[in-house]
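Only one structure is covered here, and it is reproduced in the block below.
The values are calculated or read from the model by the stated rules, or taken from the named source; none is laboratory data. Quantities reported herein were computed from a predicted structural model and do not represent experimental measurements. Using ideal geometry, Cβ is built from the backbone for each residue, glycine included, and neighbour counts are taken over all protein chains shown.
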Amino acid sequence: MVAGSLVSGAAPDGYTLLLTVSAHVAFPFLMKVPFDVMTDFTPVAMVGVSSAIVCVPPSLPVDNLTQLVEYARARPSKLNYLNPGNGTGGHLIPEQLKIKYGLDITSISYKGLPPGVQDLMGGRIELGVVSTSLILHHVKAGTLKALAIVGPNRIPDLPNVLTMTEQGMGEMEVRSALPLYGPKGLPEPIVERLNKAIGAALADPEVRTRLGNAHIDVTPMSPAVLALWLAGEHERLGKLIQQLGIKADGS
């Protein structure tokens with residue numbers, strides 16, 4: 001919010017930019033913010049999409065999302081999930097599973113992911129949606145079990161774990177994308193120049209490798225396509241958050 005305030009009030013000269021996450025467009029549905037997320041910024045470029053993993057303790061006798069739904073249905077009010085923060089993908093994906101399939105699973109809020117992951121590995125909670133960079137080594141070590149990938153592609157390290165889309169649940173994905181914005185009124189020639197520069201960087205093999213190592217799928221977009229995508233996420237996430245009656249942590 002602090003960075004957004006700085007950028008929204010900056011001169012539209014191309015020297016002050018905001019690299020953020022796609023949850024930026026959901027801000028006004030969670031809390032009062034001192035800017036309009038859709039009109040006070042100019043979409044410039046998309047860097048990529050950071051993947052996450054839907055995971056459970058190895059002791060849970062499920063291997064995919066369909067089995068998880070069946071298991072949870074048979075045990076109402078018995079399962080808990082890791083909530084790393086209201087309005088995050090780790091919160092909204094389980095809540096959508098609850099709505100679509102009529103599940104009775106409980107949100108357990110954590111002030112940080114590490115203690116939540118420890119409880120997940122210890123079987124004290126049964127479900128988590130956690131960023132790949134944080135959770136992958138636990139899955140590879142066998143201390144957690146991966147049920148699905150949140151993202152456009154499977155992960156090379158887990159080639160047999162299907163994406164949510166491949167399991168027929170892609171409409172419930174909440175992906176963490178990395179858009180780049182400028183202030184409102186950024187002239188089109190500057191937007192195009194910056195977009196072209198980002199595109200050239202994303203085409204560089206070394207950059208792609210480094211982003212891939214951070215489990216970020218490179219996803220270049222034109223400013224127009226990015227603006228449409230962000231508008232769609234604004235509408236979709238807004239409806240979901242309002243449907244669930246979610247407020248920001250501490251609100």
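Name the residues in the range 200-217 that are more than 19 Å from residue 128 (Cα to Cα) and within 22 Å of the chain's Cα centre (by Cα), would you? Give the derivation first.
At the first step, the residues of the range 200-217 found to be more than 19 Å from residue 128 (Cα to Cα) are 200-214, 216-217.
Correct list: 202, 207, 208, 209, 210, 211, 212, 213, 214, 216, 217.
Which of (1) surrounded by 15 or more Cβ atoms within 10 Å (Cβ to Cβ); (2) modelled with pLDDT of 95 or more; (3) aliphatic (A, V, I, L, M); (4) not in a helix (DSSP H, G or I) does residue 7 not meet, given it meets every other one?
Result: residue 7 passes all but (4).
From the list 98, 140, 111, which residue is free of Cβ contacts under 8 Å to residues at least 12 places away in the same chain, among the charged types (D, E, K, R) and surrounded by fewer than 13 Cβ atoms within 10 Å (Cβ to Cβ)?
Exactly one residue qualifies, and that residue is 111.
Please determine whether any residue of the range 216-226 is among the aliphatic types (A, V, I, L, M) and in contact with a Phe, Trp or Tyr (Cβ under 8 Å, 6 or more places away or on another chain). Even if it seems obvious, please write down each step before you answer.
Taking the range 216-226 as the starting set, the residues that turn out to be among the aliphatic types (A, V, I, L, M) are 216, 218, 221, 224-226.
Now restrict to residues that are in contact with a Phe, Trp or Tyr (Cβ under 8 Å, 6 or more places away or on another chain): 221.
Scanning the range 216-226, I find at least one residue that is among the aliphatic types (A, V, I, L, M) and in contact with a Phe, Trp or Tyr (Cβ under 8 Å, 6 or more places away or on another chain), so the answer is yes.
Do you know which of the residues in the range 21-43 that are closer than 19 Å to residue 175 by Cβ and either at pLDDT 95 or above or not assigned by TED's automatic domain parsing to the domain that holds residue 187 (or both) is surrounded by the fewest Cβ atoms within 10 Å (Cβ to Cβ)? Don't jump to the end; show me each part of the working.
Filtering the range 21-43 for residues closer than 19 Å to residue 175 by Cβ gives 21-27, 29-30, 37-38, 43.
Cutting the leftovers down to either at pLDDT 95 or above or not assigned by TED's automatic domain parsing to the domain that holds residue 187 (or both) gives us 37-38, 43.
Working: 37: 20, 38: 15, 43: 24.
Top of the filtered list is 38.
In the list 69, 54, 33, which residue meets the criterion of being in contact (Cβ under 8 Å) with a residue 24 or more places away in the chain and over 27 Å from residue 219 (Cβ atoms)?
On the way: 54 fails: over 27 Å from residue 219 (Cβ atoms); 33 fails: over 27 Å from residue 219 (Cβ atoms).
Going through 69, 54, 33 in turn, just one is in contact (Cβ under 8 Å) with a residue 24 or more places away in the chain and over 27 Å from residue 219 (Cβ atoms): 69.
Taking the range 16-55, which residues are of a type in the set (A, V, I, L, M) and over 18 Å from the mean Cα position of the chain (by Cα)? If you could, list the steps in order and put the result at the bottom.
Step one: filter the range 16-55 for residues of a type in the set (A, V, I, L, M), giving 17-19, 21, 23, 25-26, 30-31, 33, 37-38, 44-47, 49, 52-54.
Across the range 16-55, the qualifying residues are 17, 31, 33, 38, 44.
Kindly provide the set of residues from the range 203-241 that are in contact (Cβ under 8 Å) with a residue 60 or more places away in the chain and of a type in the set (D, E, K, R), ordered by number.
Scanning the range 203-241 gives 217, 233.
What number of residues within the range 203-219 are assigned to a loop (DSSP other than H, G, I, E, B) and either modelled with pLDDT of 95 or more or of a type in the set (A, V, I, L, M, F, W, C) (or both)? Before the answer, list the steps.
If we filter the range 203-219 for residues that are assigned to a loop (DSSP other than H, G, I, E, B), which is where we start, we get 203-204, 214-215, 219.
Applying the additional criterion that residues be either modelled with pLDDT of 95 or more or of a type in the set (A, V, I, L, M, F, W, C) (or both) yields 203-204, 214.
Counting residues in the range 203-219 that are assigned to a loop (DSSP other than H, G, I, E, B) and either modelled with pLDDT of 95 or more or of a type in the set (A, V, I, L, M, F, W, C) (or both) gives 3.
Would you mind stating whether residue 199 is among the small types (Gly, Ala, Ser) and assigned to a loop (DSSP other than H, G, I, E, B)?
The answer is no for residue 199.
What number of residues within the range 164-196 are over 18 Å from the mean Cα position of the chain (by Cα), surrounded by fewer than 16 Cβ atoms within 10 Å (Cβ to Cβ) and assigned to a helix (DSSP H, G or I)?
Within the range 164-196, residues that are over 18 Å from the mean Cα position of the chain (by Cα), surrounded by fewer than 16 Cβ atoms within 10 Å (Cβ to Cβ) and assigned to a helix (DSSP H, G or I) number 5.
Being closer than 29 Å to residue 201 by Cα and surrounded by 17 or more Cβ atoms within 10 Å (Cβ to Cβ) is the requirement here; does residue 62 meet it?
On the way: closer than 29 Å to residue 201 by Cα: no; surrounded by 17 or more Cβ atoms within 10 Å (Cβ to Cβ): yes.
The answer is no for residue 62.
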